[in-house]
Structure formats: C-alpha cells, structure tokens
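Undergrad: Structure in structure tokens, see below.
Each reported figure results from applying straightforward, stated rules to the coordinates on display, with no laboratory input. Just so it is clear, the model here is predicted, and its values are computed rather than measured. Backbone-built Cβ (ideal geometry, glycine too); neighbour counts: all protein chains shown.
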Amino acid sequence: MTEHPASSPPVAILTGAGSGIGRAAALALASRGWNLVLAGRRAEPLLETLELCGGPARGLAHPADVADPDQVAGLFKAATDRFGRVDLVFNNAGTGAPPVPLEDLSVEDWRRVVDVNLTGAFFCIQAAFRCMKAQSPQGGRIINNGSISAQVPRPRSVAYTATKHAMTGLTRQASLDGRAYNIACGQIDIGNAATEMTARMSRGVLQADGRVAAEPTMDVTAVGEAVAYMAGLPLEANVQFMTVMATAMPFIGRG
C-alpha cells in the first residue's frame, strides 16, 4: 500500500450502514471530514446513506454480506483501491431471531444470527488487521457494536445475547492482539436508540418479570456522535467500552 499523505481525510468502513445506527454514524463521521466506505447487503439504502453524507465525492457504497469472507475481502479491497488505506472499521452489522422460548429456537435461526453477529464481525476484524498492519503509517481503529445485550439479556433472545456477549470477547482479544501494530479496538454498547429495528420498544416489549411494557428510546443521532467521538481520538488513546442508552430505559436495575 502507498504512503498515506498526512493531509488526506481518514477513511472509515462501516457495516450495516444502510439505516439506523450505521447511517447515524456515517453522517457524524462525514460531518467531521471522514471518507466513507458503506457496507450492507442491499445497495439502495447504502446509496441513500452516501447521498446524505455528500455523495460519491465522500466515498462509496459497497454491498457485502459480512457472513461471507470472500465478500468481506472484496469490501476491504474496494476501500484500499479507492483510498489506499483504512483508518476505522465500525462493526455494526447485526441481526436477531424471533422472540421465542429458548427451547423453540430453530437451528437455522441460531446459525443465521451467529453467522452475521459473531462470525461476520470476526471476518471484518481479521480483514482490518491484515490491512492496518500492512499500511503506512501502520495502525487504525476498530469499533464493535456490542449492544446493551452484551451486558444483560432480554427474555427470549438467546442467539442475540450470546453473540453480543461474544462480541465483548472479540473486542478484548482484538484490543490485546492489536497493540503491537498500533491497532486500537473498543466497543460501544447501545440501548434503545430509536431506529426501525427498535420501533417495537415504544409499543411494548416483554420484561424479565413477564410484563409487557413500553420503553423509552433516544435519538439515534446521539449514537452517531458517540461513535464519532471514539473514532476521533488519537491512536494512543482508546475508549475500551462505552455504554450510551436512553436515560430512563430499564437497564440499571433490570430484572
């Protein structure tokens, strides 16, 4: 890879960038001058996000399924072909399973959630390491979307909870293994950001005591700003873990 001019904008790859938290993070980074490589499974929402961020001059939309290692390799190649390096990876792509009793979860749904949330994140971390070790100046930052479920579960969410707890292990291991190469890795745990994925929160969700209750949400813009703060630190500093959540959500004291 070529030497990176000091005056060039930093480059970020964001997965799950077509909507919600990924789009909010892209907008926050774009407002701070970052170049963006937006990844997701569908091209149309990625192109919408890119247009909101300033259009093709700001970066590119690259459809990719993170559960496929060849597509992840193609994503990183597209980024380095366009910009010459990668300074940030935001591992945000994720999915859930139907909220059924643990014993009724299908093997297919379990594997689908593990493939995207856990294995997909690993593929992106592995590709980021290969890229960030080889580039000059060496190094970069990885931010993993852990979710509040990386700390405490919700009822009937075994696959999502297991993968998000595992994300914390990935974060710790990548943080340790990245030290020698100036690669920083941190995790953001998000609670009840208002997105399409969390719309059900305001309608009522199952609580640990068996009640169904509406939960407060927060503007997803706050999450984008938090990601941009983590991304903007110099590489000698790292937010290892951050929790950003709707203030009144039932997290402290849950259960």
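Undergrad: Between residue 43 and residue 202, what FRET efficiency follows from the Cβ-Cβ distance if R0 is 25 Å, with the result rounded to 0.05? Write out the running numbers ahead of the final one.
TA: Working: r = 30 Å, r/R0 = 1.20.
That pair, residue 43 with residue 202, gives E of 0.25.
Undergrad: Could you work out how far helix 20-31 tilts from the main Cα principal axis of the chain, as a 0 to 90 degree angle to the nearest 10?
TA: Around 30 degrees separate the two axes.
Undergrad: Using a 7 Å offset from the Cα along the Cα-to-Cβ direction at both residue 82 and residue 237, what is the distance between the two label points in nm, to one decimal?
TA: Simple spin-label model gives 2.9 nm for this pair.
Undergrad: Summing -39500 (n - 2.57) over the DSSP H runs of n ≥ 4 in the chain and dividing by its residue number, what mean residue ellipticity at 222 nm do you reach, to the nearest 500 deg cm²/dmol? Numbers along the way, then the final one.
TA: Details: 7 runs with 92 residues, N = 255.
Only helices count here, giving -11500 deg cm²/dmol.
Undergrad: If you don't mind, another one. Taking neighbour counts of Cβ atoms within 10 Å as a proxy for exposure, in what order, fewest first, do 227, 114 appear? Walk me through the numbers on the way to the answer.
TA: Details: 227 29, 114 18.
The order, fewest Cβ neighbours first, is 114, 227.
Undergrad: Further question: When only C-alpha pairs under 8 Å and at least 6 residues apart count, what is the relative contact order of the chain, in percent?
TA: On the way: 514 pairs, mean separation 48.4, N = 255.
Once normalised by length, the contact order is 19 percent.
Undergrad: Taking the 0 to 90 degree range and rounding to the nearest ten, how far is the long axis of helix 120-134 tilted relative to the main principal axis of the chain, both from C-alpha atoms?
TA: 20 degrees
Undergrad: Using the count of nearby Cβ atoms within 10 Å as a rough guide to exposure, how do 236, 44 rank from fewest to most?
TA: So the residues, fewest neighbours to most, are 236, 44.
Undergrad: While we're on this one: Counting Lys +1, Arg +1, Asp -1, Glu -1, what net charge surrounds residue 67 among other residues with beta carbon under 9 Å of its beta carbon? Show your work: numbers first, answer last.
TA: Values: positive: 112; negative: 65, 68, 115.
Result for the neighbourhood of residue 67: -2.
Undergrad: Quick check: the distance between the Cα centres of region 219-240 and region 82-120, to the nearest angstrom?
TA: 22 Å
Undergrad: Percent antiparallel among DSSP beta bridges with both residues in region 11-245, to the nearest 5? Before the final figure, lay out the partial values.
TA: Values: 2 of 31 bridges.
Once the DSSP bridges in region 11-245 are tallied, antiparallel ones form about 5 percent.
Undergrad: Oh, and also: Specify the angular offset, from 0 to 90 degrees and rounded to the nearest 10, of the alpha carbon long axis of helix 221-232 from the longest principal axis of the alpha carbons in the chain.
TA: Helix 221-232 sits roughly 40 degrees off the main axis of the chain.
Undergrad: Using 1/(1 + (r/R0)^6) with R0 = 30 angstrom and r between the beta carbons of residue 104 and residue 221, what's the FRET efficiency to the nearest 0.05? Don't jump to the answer; show the numbers that get you there.
TA: On the way: r = 37 Å, r/R0 = 1.23.
Using R0 = 30 Å, I get an efficiency of 0.20.
Undergrad: With each pseudo-label sitting 7 Å past Cα toward Cβ, what's the residue 57-residue 177 distance in nm, one decimal?
TA: Result for the modelled spin labels: 4.0 nm.
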